[in-house]
Amino acid sequence: GFTNEQLGFSLVYLATAIGSGSLVGDWMNNSGFWVFSRMSVLDTAETLRTWTVLTACLGITGLVVTLLGAMLLPLV
């Protein structure tokens with residue numbers, strides 16, 4: 001396996017970047033989309049507008065937290 005020193009960055013921050021980045025590309029084939037849609041009693045168009053903004057905010061927040069963590073607490 002690789003170490004943090006070999007890569008030049010921490011695997012912890014790599015994992016958080018991948019995790020938060022995966023939230024941004026959600027689409028209607030995600031089961032969470034349909035659970036959210038049915039539990040909030042929204043039609044598909046309303047859910048798509050709401051879900052897109054929500055997941056974009058989650059992804060951007062994750063990116064900011066990852067970048068701040070990497071700057072303030074470098075693990076390399």
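Restricting segment 22-32 to residues that are within 28 Å of Met71 (Cα to Cα) and exposed (fewer than 14 other Cβ atoms within 10 Å of the Cβ), the residue that is nearest to the chain's Cα centre (by Cα) is Ser22.
For segment 11-29, a residue qualifies if it is among the aliphatic types (A, V, I, L, M) and assigned to a helix (DSSP H, G or I), and the qualifying residues are Leu11, Val12, Leu14, Ala15, Ala17, Ile18, Leu23, Val24.
Within segment 8-45, the set of residues being touching a residue at least 40 places away in the same chain (Cβ under 8 Å) and aliphatic (A, V, I, L, M) comprises Val12, Ala17. Condition (residue is exposed (fewer than 12 other Cβ atoms within 10 Å of the Cβ) and modelled with pLDDT under 95) applied to segment 48-55: is it met by at least one residue? Yes, that holds for at least one residue. Scanning segment 33-43 for residues that are in a helix (DSSP H, G or I) and surrounded by 11 or more Cβ atoms within 10 Å (Cβ to Cβ) returns Phe33, Trp34, Phe36, Ser37.
The values are calculated or read from the model by the stated rules, or taken from the named source; none is laboratory data. Keep in mind that this is a model prediction, so the values were computed, not measured. Neighbour counts are summed over all protein chains in view; Cβ atoms, including those assigned to glycine, are modelled from backbone coordinates with ideal geometry.
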